[in-house]
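Scroll down for the structure; my scribbles are underneath it.
The values are calculated or read from the model by the stated rules, or taken from the named source; none is laboratory data. For clarity, every value in this text was computed on a predicted model and none was experimentally measured. Every residue, glycine among them, receives a Cβ derived from its backbone with ideal geometry; neighbour counts consider all protein chains shown. Surface accessibility is based on the protein's heavy atoms, side chains included, excluding ligands, DNA and RNA. Shrake-Rupley method; radii C 1.70, N 1.55, O 1.52, S 1.80 Å.
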Amino acid sequence: MRKLPLLLVLLPFALHARTVNVSSYAQLLSACQNALPFDTIVIASGTYTIIGSSRIMVTSRPGPVLVKGATGNPADVIVEGQGQDNTSVQMVFNLEDSPQWTFRDITTRRSYYHGFKFDRASTDCRLLRVVMRDHGESGIKGTSDPSAGVYPDRLLVDSCDIGFTSTNGGTRSVVEGVDGVGVNDWIIRNSRFVNVQKGGNPAYAIFTKGNSSRTIIEGNRFENCFIGASFGGGGTAPQFFRDNDVTYEHRDGIIRNNIIMRCNDAAVYINKGMNCKIYNNTVFECELTIQLRFPES
């Protein structure tokens, strides 16, 4: 049977694009879990605390879908868990096999693990002008499924503000700002990373690893982080490498035009990264400037 082009499949949704206004947590949960392509979910000003579940789970809901704060000011719309040390809310938004979602002009905070988690084939998503605070392990997590050959590729993070309220950073055993495993073509740009710390132990403001490739980290500002921008930092267990290829942690990445201040360790760290390019970064009062480890780098 001949398959119809994707544009023709989505055309009926585009002709009936919906604006869904929400002003309560129950409405927000329902709007996300029942979203249709070309929906715009508009969140009224207020604080939305997740109750009765561990996250806002979105499964197999392909976009394009836009979730945005009503005012354009991230401080006006807060979606939160119940504390980075409270296991009841593990993450705020969790997308599984749900491509082409955009979140903008909101704040997420106070979850045990992550602010946003992109699983499996949740490709081509965007985070624009989102503030993420006090997410126990990371503001953004990308998790691949090498056994099925599906990966959350082409994430764009633009003009976001990610980190921790306390200068001591997070309290989990793992602390990160952005963590992508086995992902291709992520772009993290024009964003701020602050207090990504773990009590003097290794923590990473940004890293992609597990045979990731073509990450671009550009135009960001790092303040009081343990390690700033990293390809391959932390290492990856063999079963999580993309395409089951454990040769490199990262390939063909670019780190450019960033300002990196007061890192406890390296401003830029390359761990088994092949063909990485590091251009035009400003490094100030960091313990190390640029560190490359292992022959693969």
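The table that follows gives values for the structure above.
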read-out: Residue among Glu137, Glu176, Glu96 with the largest mean-square fluctuation in a Gaussian network model of the chain, springs linking Cα atoms under 10 Å; value: Glu96
read-out: Label selected from (1) 67; (2) 29; (3) 44, the criterion being percent of Cα pairs over 30 Å apart as computed here; value: (2)
read-out: Counted charge near Gly83, where neighbours are those whose Cβ lies closer than 13 Å (Asp, Glu -1; Lys, Arg +1); value: +1
read-out: Computed helical MRE - 222 nm, the chain, DSSP H runs ≥ 4 contributing -39500 (n - 2.57), nearest 500; value: -2000 deg cm²/dmol
read-out: Lone cysteines, the chain (no partner Cβ under 4.7 Å); value: Cys32, Cys125, Cys160, Cys225, Cys276
read-out: Rough spin-label spacing in nm, given labels placed 7 Å along Cα→Cβ, for Asn275 and Asn73; value: 4.7 nm
read-out: Heavy-atom accessible area per residue - segment 6-110, 1.4 Å, Å²; value: 44 Å²
read-out: Percent carbon-and-sulfur accessible area, the chain, ignoring ligands, DNA and RNA, probe 1.4 Å; value: 50 percent
read-out: Spatial separation of Cα centroids for segment 76-128 and segment 220-237, in angstrom; value: 20 Å
read-out: Length added when fully stretched, Phe284-Asn190, from 0.36 nm per residue minus Cα-Cα; value: 32.0 nm
